[in-house]
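Asker: Input: one structure, supplied below.
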Amino acid sequence: MSEPVIDARGLHKSYRMGRVDLHVLRGVSLSVGPGEFVAVVGASGSGKSTLLHIIGLLDEQDRGGLVLNGDDAAKLSRRRRNRIRCRDIGFIFQFYHLLGELNVLENVVLPAKVDCPAIGWLGRRRRIRAQAVELLERLGLKDRLRHRPKELSGGERQRVAIARALINSPKILLADEPTGNLDSKTGRQIMELLKTFNQAGQTIVMVTHDTDLAAAATRVLHLRDGRLK
Amino acid sequence: MYKLFLCLRYLRRRYLALVAVLAVALCVAMVLIVVSVMDGFLRKIEHAARGLCGDIVVDAGGISGIGLYDEFAAYLKDEVEEVSATTPVIYTVGLLRVGNLTNMVQVCGIRLPERLAVTEFERDMFVQAGWPDASFDPPIERLIARTTRHTKLIDKIRKRESAKPSDERDENLLRKLAVAGNNAVWQRDMLVNISLQRKKIERKRRDLQAERGKPAGLRNDETIQRLAEQIEKDTDRLDRDFCPPGKRMILGLGLPSLSFRTPEGEAIRMVTPGRRVVLSLFPLGRGMSTTISPNTATFTVIDDARTDLYIIDSATVYVPFETIQELAYMGADYSPDEDKPGVIVIPARCSQIQIKVKAPYASDRELIRVRRKVNAAIKKFTDAHLSQAHLMPVEARTWREKQAKYIGAIEKQRTLVAIMFGIISLVSVLMVFAIFHMIVTQKIRDIGVIRAVGGSATGVAQIFLGFGAATAMLGSAIGLTGGYFFVRYINEIQDWLAKWFGFRVWERDVYLFDKIPNTVESLTMLWIVCGAVAAGLIGVLLPAVMAARMQPVEALRYE
Ligand SMILES: Nc1ncnc2c1ncn2[C@@H]1O[C@H](COP(=O)(O)OP(=O)(O)OP(=O)(O)O)[C@@H](O)[C@H]1O
Ligand SMILES: [Mg+2]
């Protein structure tokens, strides 16, 4: 078996709520190989988002080790963490988190811009824009390029978020309840999309509380009592 | 790259940027206006206080005044090298009668143009404006020319006022203008007549000279006799119509009923040069006499002067120093002993000596040093004239020290104004800070997103720093421009307000000056902009740095 893209060992995370410690993750271990589509299922409040945030370097664990593409996350400089967030990880949030000041196309292109020094941008601009347009076309947003996020429906927004997550061709796509805020039909459409991307070789880790949705994945794990089963 | 891009996008979100720009513009304009007007006000007061008395003042110790002032002045110039000029002044109170109008006035006896070297105070004159050698004897042709110009101005204003529709026309003003116009024309014609008479006398003098110069045989003694008599008679008459230089007067522009201001601000004189006035004053100079009867003399007005200080202008007349000295019995007393003719028992006196210090020593610190030297000189001078010690000055004071005693209230006002400056500036800075802080706080989720797609903490800070700097500068520019023009045209704005809403913020007699100060210092502008931009940047940077240092997920969760 080839080297895993995500290798988490014994992750612990707790939140301090006043005087009590809320121990959310109690030793989560997870290994994801390239091309896998892993679904993590758990009840609301079980710590799914917390786990995904730690894997996506948006948060830090209290204890335990995390290796991404062979790099030990604990040893990364801040600069490297930023770079990995930018290049190697695509994140889809439950609440889309698009920037309201930017239009659809600009939102999608943003991670590529962040990745690129000022001078290089001028050279790459065309190619990246073409790439973004193509992505959006595949996601069925061809004629929404100039729209503002607030002018879009929930499903459309989530598709924009997917395009944004994929623009830098990340090694890992992390999806946090990508359909949580959508009706079941749009939710299914989104799942179909993720599935096609996975079939094209995209590694995906998705968390959800919906076991039906998890069926789309190649592997399903359950998060219960702070542990994966 | 993305930093600049996002920064520009935030700027283009009109609402956000507009709030920031407006906040800064308003604060900058407000502080600029308040600081400029208040500062200008204080500056004017200081300038006036200094202008009233020069850099250093030596007051009389006793009621009899300062004797040997000219000797002292000469001594002082030798002794204290920093002194550049001095002039003696007499202050007394009198009654001024113009026609059947009587005003109580402060009579100020000055030497011209000597006094101009000490204070620049009364240089805003009607006839001799800006003349470095203004005197009590300006050429009569200039008086005529200036009066003619004034009649033309009055004509112009009358035309303008009568052209107004009847409901806007001020009949009272028109009547006053008519009187002023008639007065000026009549006075001008008098002056022309006097000028002609002078020429006639001049001609007769030349004739007399010529006659006298003839060889003995040809000379006609009768003609000489006749010419001499005629010249004397004519001169007498002329002196009655137009007093000799010793009996001339400069009016303060602002004496009640002698001048008025049109709503547009033009100063119209009811009394123009050439007018004869009567001044009565009580001779207080001689302490011995128990009964005092007033001394009265006729003067010819030859000019008027304005200090900008309303309390001075509305109550002061200026007359030649030596004349007032005589009238106030402050002249020299000669010995009644017939064996000692011309021996002075009591020397001539003045009420004050005003001193101008050379430019490099004009600062407050230097002035105090110079004042000490002047005091030392006073002491030495007094020691040398012990027999007249009671007529010696006691001590010198700098203009600020003198002001502190007489206009102490203004110093208090100053503190009050300083506190007000402080509060207003602080409030403005806080406001700008708060608004910028709020704007960025609203954007903390965005910061989380930018961090999540790989933006660095410094990158995020830079985005908002750019946003803050751009809006703060734009706001400052707008605020400065607005504030500048508001201050510049503050008097016009006030006139306009007065015209349409009928209320005046700035009443002449309440605020000492007849105009609101309208200068803007460039240093003030610089400081205000620095303050505004700094407040904006700190306001932006604080939450931006805070957000950038969070874990991205915390920023994303931020409500
Ligand atoms: N910043 C925080 N401070 C305190 N408690 C937190 C914080 N973030 C998460 N928690 C707590 O940790 C637990 C797990 O949260 P998490 O968001 O990971 O749950 P989840 O499984 O994603 O739930 P859901 O399905 O509702 O999204 C919750 O009980 C939550 O209250
Ligand atoms: Mg969640």
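The values are calculated or read from the model by the stated rules, or taken from the named source; none is laboratory data. Computed from a predicted model, the values in this text were never measured in an experiment. Reconstructed Cβ throughout: ideal geometry from the backbone, glycine too, with neighbour counts over all protein chains shown. The area values use the complete protein model at the heavy-atom level, side chains included, leaving out ligands, DNA and RNA. Shrake-Rupley method; radii C 1.70, N 1.55, O 1.52, S 1.80 Å.
Asker: Against the conditions (1) more than 14 Å from chain A (Cβ to nearest Cβ); (2) at pLDDT 85 or above; (3) open to solvent by 30 Å² or more (accessible area, probe 1.4 Å); (4) over 13 Å from residue B:32 (Cβ atoms), where does residue B:480 fall short? Just the number, please.
Answerer: Checking residue B:480 against (1) more than 14 Å from chain A (Cβ to nearest Cβ); (2) at pLDDT 85 or above; (3) open to solvent by 30 Å² or more (accessible area, probe 1.4 Å); (4) over 13 Å from residue B:32 (Cβ atoms), the one that fails is (4).
Asker: Next question. I'd like the full set of residues that are without any contact (Cβ under 8 Å) to a residue 60 or more places away in the chain and either closer than 13 Å to residue B:377 by Cβ or assigned to a helix (DSSP H, G or I) (or both), limited to the range B:82-114.
Answerer: Of everything in the range B:82-114, just one residue is without any contact (Cβ under 8 Å) to a residue 60 or more places away in the chain and either closer than 13 Å to residue B:377 by Cβ or assigned to a helix (DSSP H, G or I) (or both), namely B:114.
Asker: Could you list, in sequence order, the residues of the range B:344-366 that are touching a Ser or Thr at 6+ places or on another chain (Cβ under 7 Å) and open to solvent by less than 60 Å² (accessible area, probe 1.4 Å)?
Answerer: B:349, B:353, B:354, B:355, B:357
Asker: Could you figure out which of (1) assigned to a strand (DSSP E or B); (2) away from ligand 1 (no atom under 16 Å from the Cβ) isn't true of residue A:16?
Answerer: Going through (1) assigned to a strand (DSSP E or B); (2) away from ligand 1 (no atom under 16 Å from the Cβ) one by one, residue A:16 breaks only (2).
Asker: With respect to residue A:174, determine if the residue is within 13 Å of chain B (Cβ to nearest Cβ), under 22 Å from residue A:215 (Cβ atoms) and either within 16 Å of ligand 1 (Cβ to nearest atom) or free of Cβ contacts under 8 Å to residues at least 12 places away in the same chain (or both).
Answerer: Yes.
Asker: Continuing with this model, one more query. Quick one: which residue in B:306, B:240 is surrounded by 19 or more Cβ atoms within 10 Å (Cβ to Cβ) and of a type in the set (D, E, K, R)?
Answerer: Result of the check over B:306, B:240: B:306.
Per-residue answers, yes or no, for (1) more than 26 Å from residue B:397 (Cβ to Cβ); (2) within 11 Å of chain A (Cβ to nearest Cβ); (3) in a helix (DSSP H, G or I); (4) among the basic types (Lys, Arg):
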| position | (1), (2), (3), (4) |
| --- | --- |
| B:5 | yes, yes, yes, no |
| B:10 | yes, yes, yes, no |
| B:16 | yes, yes, yes, no |
| B:21 | yes, no, yes, no |
| B:25 | yes, no, yes, no |
| B:32 | yes, no, yes, no |
| B:38 | yes, no, yes, no |
| B:45 | no, no, yes, no |
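Asker: In addition: Name the pairs: first residue in the range B:269-282 and aromatic (Phe, Trp, Tyr), second residue open to solvent by 10 Å² or more (accessible area, probe 1.4 Å), Cβ to Cβ under 7 Å, at least 6 apart or on different chains?
Answerer: Partner pairs satisfying both residue conditions: B:282/B:292; B:282/B:294.
Asker: A further question on this structure: Within the range A:67-80, is even one residue under 22 Å from residue A:161 (Cα atoms), out of contact with any Lys or Arg (no Cβ under 8 Å at 6 or more places or on another chain), within 13 Å of chain B (Cβ to nearest Cβ) and more than 16 Å from ligand 1 (Cβ to nearest atom)?
Answerer: No, every residue in the range A:67-80 fails to be under 22 Å from residue A:161 (Cα atoms), out of contact with any Lys or Arg (no Cβ under 8 Å at 6 or more places or on another chain), within 13 Å of chain B (Cβ to nearest Cβ) and more than 16 Å from ligand 1 (Cβ to nearest atom).
Asker: Okay, moving on. Sort out which residues of the range A:23-39 are assigned to a strand (DSSP E or B) and more than 9 Å from ligand 1 (Cβ to nearest atom), and write them in order of number.
Answerer: A:23, A:26, A:27, A:28, A:29, A:30, A:31, A:32, A:37, A:38, A:39
Asker: Go through A:12, A:23 for me and flag whichever is away from ligand 2 (no atom under 16 Å from the Cβ), under 19 Å from residue A:74 (Cβ atoms) and in contact (Cβ under 8 Å) with a residue 24 or more places away in the chain.
Answerer: It is A:12.
Asker: Residues in the range B:160-185 that are surrounded by fewer than 14 Cβ atoms within 10 Å (Cβ to Cβ) and part of a helix (DSSP H, G or I): how many?
Answerer: The total comes to 8.
Asker: Anything in the range B:543-558 that is of a type outside the set (D, E, K, R) and within 12 Å of another protein chain (Cβ to nearest Cβ)? List them, or say none.
Answerer: Those that are of a type outside the set (D, E, K, R) and within 12 Å of another protein chain (Cβ to nearest Cβ): B:548, B:550, B:551, B:552, B:553, B:555, B:556, B:558.
Asker: Restricting attention to helices (runs of 4 or more DSSP H) lying wholly within the range A:40-148, give those where 2 or more residues are closer than 19 Å to residue A:27 by Cβ and in contact (Cβ under 8 Å) with a residue 24 or more places away in the chain.
Answerer: A:48-55
Asker: Look at residue A:32 and say whether it is among the hydrophobic types (A, V, I, L, M, F, W, C) and either open to solvent by 30 Å² or more (accessible area, probe 1.4 Å) or within 14 Å of another protein chain (Cβ to nearest Cβ) (or both).
Answerer: no
Asker: Please state which one of A:216, A:163 is open to solvent by less than 20 Å² (accessible area, probe 1.4 Å) and either more than 16 Å from ligand 1 (Cβ to nearest atom) or among the basic types (Lys, Arg) (or both).
Answerer: Matching residue, one of A:216, A:163: A:163.
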